[in-house]
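Q: The structure's right below; bear with me while I get my questions together.
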């Protein structure tokens with residue numbers, strides 16, 4: 001488990017409502033409305049907390065005929081706090097985690113539900129958003145300029161700027177009117 | 001309408017601020033944040049009312065019209081954000097928009113219901 005994952009668990013547990021939800025789930029699996037009734041919370045508030053608990057890996061859900069049932073993830077909760085503290089951080093993993101966090105921050109700030117809100121002014125950030133968009137292109141497939149524009153326009157209206165920037169960032173290559181995605185070398 | 005409405009908005013805002021403090025102290029961090037959202041919404045409409053007062057002086061009809069219009073206009077953005085979040089199954093955003101819409105409904109119900117009863 002990474003340090004960030006550990007912190008996410010502690011943060012999750014540091015809210016009384018979530019602690020009460022876990023206590024209720026430790027007795028039996030339950031659905032949102034039942035938990036809401038038991039803890040005197042609104043169903044919407046319970047769903048909010050369940051989302052956080054699920055993201056932290058503390059609960060899991062499964063579908064039954066009528067309801068989505070939630071159950072506690074006993075494996076994670078059995079790990080002792082001492083084990084979590086003792087876990088030795090791996091430098092490469094820390095660096096990787098930092099980069100992933102930065103990347104996620106940029107993506108969250110510039111995209112909303114898959115649409116680009118604006119083009120970042122910083123080159124490093126723009127590179128990240130271009131990498132997200134280029135994922136919509138297949139490798140070893142040739143695209144006409146019109147096809148490229150249509151794909152990019154799905155993310156952002158100013159497809160000309162993004163198309164040009166993808167070329168200059170070497171994410172796409174072109175020859176005449178034909179474009180293709182470039183395989184990135186592993187670093 | 002405006003002085004009673006203003007009093008109501010201020011009362012609710014203060015109540016949310018107290019609740020937020022209490023919840024924070026009792027370890028309900030996220031619920032405290034939800035109260036902060038409510039507090040902000042009451043504050044927004046309090047500002048709207050003060051702007052209306054400044055703009056229309058003692059003209060209660062115009063103040064009421066302006067306030068009603070904003071009470072429809074501002075939450076329409078929240079409603080759209082709620083629907084968008086729902087389309088993307090974004091439970092956290094749905095909950096937050098729902099809280100804001102709930103406060104707008106409360107204001108509508110309490111301020112204008114009283115107005116209706118008077119008429």
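Q: Which value in Å is the Kirkwood Rh of the stretch B:39-90 over different Cα pairs? Provide the component values of the computation, followed by the final result.
A: Values: mean 1/r = 0.0814 Å⁻¹.
Across the stretch B:39-90, the inverse of the average 1/r is 12.3 Å.
Q: Sticking with this one: State, to one decimal in nm², a quarter of the convex hull surface area for the C-alpha atoms of chain B, i.e. the direction-averaged projected area. Please list the in-between numbers first.
A: On the way: hull surface 31.2 nm².
Seen from a random direction, the Cα hull of chain B projects 7.8 nm² on average.
Q: Let me ask something additional. Please work out, to two decimal places, the log10 of the ratio I(q)/I(0) at q = 0.14, 0.15, 0.20, 0.25 Å⁻¹ from a Debye calculation in which every Cα of the stretch A:61-114 carries one identical scatterer.
A: -0.79, -0.85, -0.88, -0.89
Q: Let me confirm one metric for peptide B:94-103, namely the mean number of other chain beta-carbon atoms within 10 Å of its residues' beta-carbons.
A: If you average over the peptide's residues, the count of other-chain Cβ atoms is 3.
Q: If you build the convex hull over the alpha carbons only and average its shadow over all orientations, what do you get for the stretch A:3-78? Give it in nm² to one decimal. Spell out each step's value before the answer.
A: Working: hull surface 19.3 nm².
Approximately 4.8 nm², given one-decimal rounding.
Q: What 222 nm value per residue comes from the helices of chain A, counting each DSSP H run with n ≥ 4 as -39,500 (n - 2.57) and dividing by all residues, nearest 500 deg cm²/dmol?
A: -17000 deg cm²/dmol
Q: Summarise the partner chain shielding of A:108-114 as one whole number: the mean count of Cβ atoms from other chains within 10 Å of each residue's Cβ.
A: Numbers: counts 0, 0, 0, 0, 5, 6, 1.
Mean number of neighbouring Cβ atoms from other chains: 2.
Q: By per-residue mean of other Cβ atoms within 10 Å, what is the highest-first order of B:8-14, A:82-88, B:75-81?
A: Working: B:8-14: 17.0, A:82-88: 9.4, B:75-81: 14.9.
Output ranking for B:8-14, A:82-88, B:75-81: B:8-14, B:75-81, A:82-88.
Q: Say R0 is 25 Å: what FRET efficiency, to the nearest 0.05, do residue A:140 and residue A:103 get from their beta-carbon distance? Intermediate results must be reported in sequence, preceding the final value.
A: Details: r = 26 Å, r/R0 = 1.02.
With R0 = 25 Å, the Cβ-Cβ based efficiency is 0.45.
Q: Per DSSP H run of at least 4 residues, take -39500 (n - 2.57); add these up for chain B, divide by its residues and hand me the 222 nm value, nearest 500 deg cm²/dmol. Walk me through the numbers before you get to the answer.
A: On the way: 5 runs with 103 residues, N = 119.
It comes out at -30000 deg cm²/dmol, rounded to the nearest 500.
Q: Sticking with this structure for a sec: Can you give the FRET efficiency for residue A:147 and residue B:73, using 1/(1 + (r/R0)^6), R0 = 45 Å, r = Cβ-Cβ distance, to the nearest 0.05? Walk me through the numbers on the way to the answer.
A: Values: r = 41 Å, r/R0 = 0.90.
The calculated FRET efficiency here is 0.65.
Q: On to the next question. So what's Rg/Rh here for the stretch A:91-181, counting alpha carbon atoms and using the Kirkwood radius for Rh? Display every interim value, and only then the final one.
A: Numbers: Rg = 14.0 Å, Rh = 13.8 Å.
The Rg/Rh ratio comes out at 1.01.
Q: How many nm separate the modelled label positions at residue B:61 and residue A:184, each set 7 Å beyond the Cα in the direction of the Cβ?
A: Taking the two extended label points, one gets 6.5 nm.
Q: So, one more: Under a point spin-label approximation (7 Å from Cα along Cα-to-Cβ), what is the residue A:173-residue B:109 distance to one decimal in nm?
A: Label-label distance for residue A:173 and residue B:109, simple model: 6.4 nm.
Q: Report, in cubic angstrom per residue, the convex hull volume of the C-alpha atoms of chain A. If you can, show how the numbers build up before the last one.
A: On the way: hull volume 33.9 nm³, N = 187.
Roughly 181 Å³ of hull volume per residue.
Laboratory data are not the source of any read-out in this text; all were calculated from the coordinates shown. As the structure is a prediction and not an experimental result, all values here were calculated from the model. Cβ coordinates were reconstructed from backbone atoms using ideal geometry, including for glycine residues, and neighbour counts include every protein chain displayed.
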